[in-house]
Every structure is written in structure tokens, then in C-alpha cells.
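Read the structure below first, then the notes.
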Amino acid sequence: MKKLALLASVLLLLSPLAKAGEVSPTEFWQMAGNPDSVIVDVRTSGEFSSGHIEKALNIPYEQIARLGDVVADKSAPILLYCRSGRRADVAEQTLRGMGYTNISNGMSYNLLMLKSRSDASSKIKMPG
């Protein structure tokens, strides 16, 4: 029973590390403002064609190792996103295994776009 409790404690402590790269839409857009940031859409080319973030590269998650051909600097800020965050998480783990250290997972394209639109609409001045 003690071993089970110890294992549960270790897993609980490590679980935040597994999602350490996840960022909120607000944080994502703040980081995207950095001219050194590389935005990578890890969805399929069909999903990318239906809409994507301006200046994003499309490298499907199962081909993410190709990023090494484009971004040699392993400390460059890399911003990933997909439909739900799952594929971006897989891509993040692959990139970390390749030695990249500055990776953020913006999770969902739709949530990122909602945040972008809400920020834009909040800047519109209403007559009055």
C-alpha cells in the first residue's frame, strides 16, 4: 500500500511537467508578437487550408522532425497549435526529444482565433 501511495504521489508531482508547455490563448498571442517566434500549425494540410494563423508554418505533427530543416536554433521560441492540443502535445514531446527547449503549446486553433477576435473587438470604439 505504501508503494502505491508513493507511486501516486510521484505521478501527481510529475503531471504538471507533462503539460508544462501549454499556454493560454492570451499568453500565446503575447509570445506570437515576438518577431523571433516560429508559429507551427501541426494539423493536416487540409485543415491548414481551411484556415490558419497568419505566418504559421504547416508541418503535420507526424512530420514535425522537419522543423529541424527550418529552425536550427534549438532555443528559438516555437509556438505550436492544432485542433484540440493533442497533436501539438505529441509534436512538443518530439521536439523536446530533438533538443528544442523553448516550446509552447497554444492548444486549439479555434480558441486562439476566438481570443484574437475578442481582443480586436474590444479595441473598437463605440460611438457615444
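Every read-out reported here was derived from the displayed coordinates using simple, explicitly stated rules and does not represent laboratory data. Predicted model only: the values in this text are computed from it and were never measured. Methodologically, a virtual Cβ is constructed for each residue, glycine included, from the backbone with ideal geometry; neighbour enumeration extends over all protein chains shown.
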Approximate spin-label separation residue 65-residue 36, in nm, with each point projected 7 Å along Cα-to-Cβ
2.8
Long-range amide H contacts for residue 40: which residues qualify at under 5 Å (H placed 1.01 Å from N, peptide plane, sequence gap of 5 or more or a different chain)?
57, 79, 80, 81
Which of 70, 45, 97 sits farthest toward the positive end of the charge dipole of the range 20-122, with +1 on the Cβ of Lys and Arg and -1 on the Cβ of Asp and Glu?
45
Sort 31, 107 by Cβ crowding within 10 Å, fewest neighbours at the top.
31, 107
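If neighbour count is taken as other Cβ atoms inside 10 Å, put 37, 84 in order from fewest to most. Show your work: numbers first, answer last.
Details: 37 18, 84 14.
Placing the least packed residue first, the sequence is 84, 37.
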Neighbouring Cβ atoms within 10 Å as the yardstick, rank 116, 104, 24 fewest first.
24, 116, 104
Förster radius 22 Å - calculated FRET efficiency between residue 93 and residue 45, Cβ distance, rounded to 0.05
0.50
Quick check on the range 20-122: what does the Kirkwood estimate of hydrodynamic radius come out to from the alpha carbon pairs, in Å?
13.4
Could you give me the ³J(HN,Hα) list for the range 87-94, computed from phi with Karplus coefficients 6.51, -1.76, 1.60 and θ = phi - 60°, whole Hz, x at Gly and Pro?
5, 5, 5, 4, 4, 4, 4, 5
